[in-house]
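Worksheet: the structure to be examined is printed underneath.
The values are calculated or read from the model by the stated rules, or taken from the named source; none is laboratory data. Note that the structure is a prediction, hence the values are computed from the model and not measured. All Cβ positions, even for glycine, are placed from backbone atoms using ideal geometry, and neighbour counts span all protein chains on display.
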Amino acid sequence: MNMHGGSPTSLDEAGLIKRVCSGDVNAFELLCTRLEGPLYGYAYGMVRNSHEAEDIVQESLFRLYQAMRARKLRPGGSTRSFLFAIAHNLAADNRRRARPSVPLEDSFLAQHNGATESSLLREQLNRALADLPANHRSALMLREFGDLQYAEIAETLGASLDEVKVWIHRGRKRLATLLDRDGQYLGKNVHEL
Amino acid sequence: MNCNDANLSAYLDQELPAPDRRAVEAHLRACPDCAATLKDLERVRTMLLTQAIPMGLHGPVIDRIRKEESTPSQKFRTYAIAVAMIAVAAIAGYAAFRHFNAPMSGPPESHAPIVAIDRDNSRGLDQTVIAQNDTTLDGTPVAAPPTALPETSLPLTLTGTLLGGDPQAVLKNNDTGEQHIYRPGDSVLDEVILQDVQQTRIILSNRGDLEVLTKGPGVIASRPRLDGRWQLAVLVDDKVVDYGDTLTFEETGGIVRVTDSNRDDFGEARLDGNILVVTRIEGGDEIGALRGTFNNAFTEVVMSSPELSASLASDMSLPDPENHSYAVKLSRIDENSPNQDPRAILQARLDEVRAMYEPLRDYAKAHNGQFPSALSLLIPDYTASTDLYASRDDRVVTYVSGQALPQTRSFPGIPGCSNSPDPGQALLAHEAELQQLWGGPAPFVPNLIEVAYRDPDQIVTLSAQGSTSSRSMMAEFEALATDATAVAAQWSAMIASDQNNLKQLGLVNKMFANENCEYTMPGFCTVYPEYLSDTNVLTSPWHEAGILSYEILFRAMTEEDLEAMAVDYLAAQGEVDFNDPALRARAQSMVPLMYNIEDIPAVGGKPATRNVLFLDGHVERMSISDFDERVGPFLR
Ligand SMILES: [Zn+2]
């Protein structure tokens, strides 16, 4: 078996999106494998319940596909931005609809016993995230998991660019003080440096 | 220093216009506080992105899309695609890596991928099972396809995937047999590009069409390190017939050094996909290579070669390699579970029981040769506590009291032969006297201690004279009784052990004859303990300890007489040349000296046999009809 020369026609996200728009479900599946991880990370951070997060991921992906097939995506608009905006709205609906305060999910460890260490980290992280103001949390999560630009985040959250910049920065700094170097949650009463 | 960290996050996110960015960079160079704050912000990103995240959530979405969209052109196909639910931070790790390539920040220290398999989630795996049995007898699909990328028909086998920061796939070309490592974007065949590497499959772009290649049979998901201890076992027709050394693998820089339990070089190993190649080294020289394919979990590999088969067959007296398959198996030793090699366990147990003798012997020496009536009498002068003799969860210790040290020195000495008018008669009389004292034809010392071990079941005995023996071989054999091949192999090993007993007795006889006017030994009691110290050799492996398994045909006769007898026999058959210089050796090689009292039972459809020791020391196993023909004449 040789390594043939020539430039690989690797499918970047733009190439995949084009194919999905013309009805290629296989391309959409490939796109899903790239997006679902970060999307789940975002959704879980917002609702802190794995079943709800999975539902949000699946519903968002489905709606993305419908939008792409209907060519509803704005030309030049980012697919990611659209997808995370859907997820953001679903998560917000979810919060309004469900219990006022979603309990931290202790069953997470039991479900994911293959990844105990990172699950512990996740639990600590979610305690800390729960302490952030909702806007800060949303902005930061869209930035980190959605890999969205500040302008896209601003549009998703209906906020100004400056607000987004401040929210992300404050959210990060707050998390840095809430979690020590090993990811241990230090508690609510920690004051900002 | 005028500190305003408000721009640091935007800087990290590459959201600052160029002038602001340059200003922040200048400030960071001069201000350790802000540099530290930036590090903290980066740390938060790493923590967020390196969480375990499940994948494969899209399966039901694809199902739903296909259901709602199925058009005539879309063939309804089911594919066994293992969408194993994996919680992979690989994607997140990749995202983090991308971020951390921003100016001024090195690669993140903690972007090492966390790969974990979500065994709990049945979505992917259960569907796989259904999809593999994808149609009922009348051909109707029983389950909706979990995903529907078509399986490729390209001549490729996926032998492994490695996920992480640098995803790779090991692909074998079925036509050429060649195997290479590819990364996404690599060209695999003409107009075939590797698109994506996932846990159990890869996505290929075949002339622009996306296709999936799922794991081939016996492939691996990712490769763990080989470091650690491995148990070597010998397989005949895929059954373990013996255990060998423990091997230690040490992996450095892709090369695995293999050493045996004695820390001697065993060889060097390298991995080719999931094929392990071990180059054997002996005395600094390469003496051949073994190859084998790992199991999926990389915990077991079976290796074979023609040289190995030949050497195993001759070393271990195992059945003919032409009609059987020979191999060795390496199994990773789980440090948390006990060593699986019953032979190593037995050796440790024999040592344990042997250590029980010294306090008892010391006590007996101080008490007119009498062993204690109870083990507690050994405390405190001979041993600090009776822990040494205690029964435990894994063993039951039985002490036989009321015995004495074998007083062999008080037995009459072997009569001298040089002055005796009839040394043969004197030796036979001496043996008869000793047999009276021993109470039988063999100098079996009664057992002082019997230890019954559990798991594996073995019985170890300690004689009043200090020798240990075990009854594990027969027990092992009985445990194998349902497996014909293993039985045959084990039986062969037992026969070899029996032949070894006779060879040792041949040496005992030679030593005795050398010092006693060339007379053969008159019996087993006379040679104990000067010539025969270990009475275990008097018992065949299929007999219980304390049973005499061998008969001496010619007692207390000179070798000269026996040779003459053989020559007479040859002459009577008219085939002797008295000038032949090899005549004496030929005569020695045909005089039977000892043999099995009982036939070796028939096993596996093979006829019963006997082992025979000849005067020259060689041992032959022969059928009963051969025995009658070759030994029979000397019995008369
Ligand atoms: Zn500063």
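Structure summary
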read-out	value
Residue pairs meeting the criteria (Cβ under 7 Å; at least 6 apart or on separate chains; first within 14 Å of chain A (Cβ to nearest Cβ) and acidic (D, E), in the range B:26-37; second assigned to a helix (DSSP H, G or I) and near the ligand (Cβ under 8 Å from one of its atoms))	none
Among the residues listed as B:V83, B:V115, B:V24, B:V61, the single one being modelled with pLDDT of 50 or more, outside the structural domain of B:I203 (by TED's automatic domain parsing), more than 16 Å from the ligand (Cβ to nearest atom) and of a type in the set (A, V, I, L, M, F, W, C)	B:V61
Residues (within 14 Å of A:A87 (Cβ to Cβ) and outside any loop (DSSP other than H, G, I, E, B)) located in the range A:144-160	A:E144, A:E152, A:I153, A:T156, A:L157
Complete set of residues in the range B:207-231 that are surrounded by fewer than 17 Cβ atoms within 10 Å (Cβ to Cβ), at pLDDT 70 or above and in a strand (DSSP E or B)	B:D209, B:G228, B:R229
Condition met for B:V234 (at pLDDT below 75 and in the same structural domain as B:E322 (by TED's automatic domain parsing))	no
Qualifying residue in the range B:89-106 (condition: within 16 Å of the ligand (Cβ to nearest atom) and modelled with pLDDT under 50)	yes
Filtered residues of the range B:546-570 (kept if part of a helix (DSSP H, G or I) and at pLDDT 85 or above)	B:E559, B:E560, B:D561, B:L562, B:E563, B:A564, B:M565, B:A566, B:V567, B:D568
Residue count, the range B:325-356 (criterion: assigned to a loop (DSSP other than H, G, I, E, B), crowded, with 18+ Cβ neighbours inside 10 Å and modelled with pLDDT of 70 or more)	2
Flag for B:A18 being exposed (fewer than 13 other Cβ atoms within 10 Å of the Cβ), within 28 Å of A:L125 (Cα to Cα) and more than 8 Å from the ligand (Cβ to nearest atom)	no
For B:A426: the one exception among (1) buried (at least 18 other Cβ atoms within 10 Å of the Cβ); (2) touching a residue at least 40 places away in the same chain (Cβ under 8 Å); (3) over 15 Å from B:L346 (Cβ atoms)	(2)
Boolean, A:I153 is in contact with a Ser or Thr (Cβ under 7 Å, 6 or more places away or on another chain), modelled with pLDDT of 90 or more and β-branched (V, I, T)	no
Tally of residues being in a helix (DSSP H, G or I) and modelled with pLDDT of 85 or more across the range B:404-450	14
Failed condition for A:E163, given (1) more than 9 Å from every other protein chain (Cβ to nearest Cβ); (2) within 13 Å of A:S81 (Cβ to Cβ)	(2)
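Residues are listed down the side, and each one gets a yes or a no for (1) touching a strand residue (DSSP E or B) at 6+ places or on another chain (Cβ under 8 Å); (2) among the basic types (K, R); (3) touching a residue at least 60 places away in the same chain (Cβ under 8 Å); (4) more than 21 Å from B:T461 (Cα to Cα):
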{"position": "B:P529", "(1), (2), (3), (4)": "no, no, yes, no"}
{"position": "B:T558", "(1), (2), (3), (4)": "yes, no, yes, yes"}
{"position": "B:M565", "(1), (2), (3), (4)": "no, no, yes, yes"}
{"position": "B:A572", "(1), (2), (3), (4)": "no, no, no, yes"}
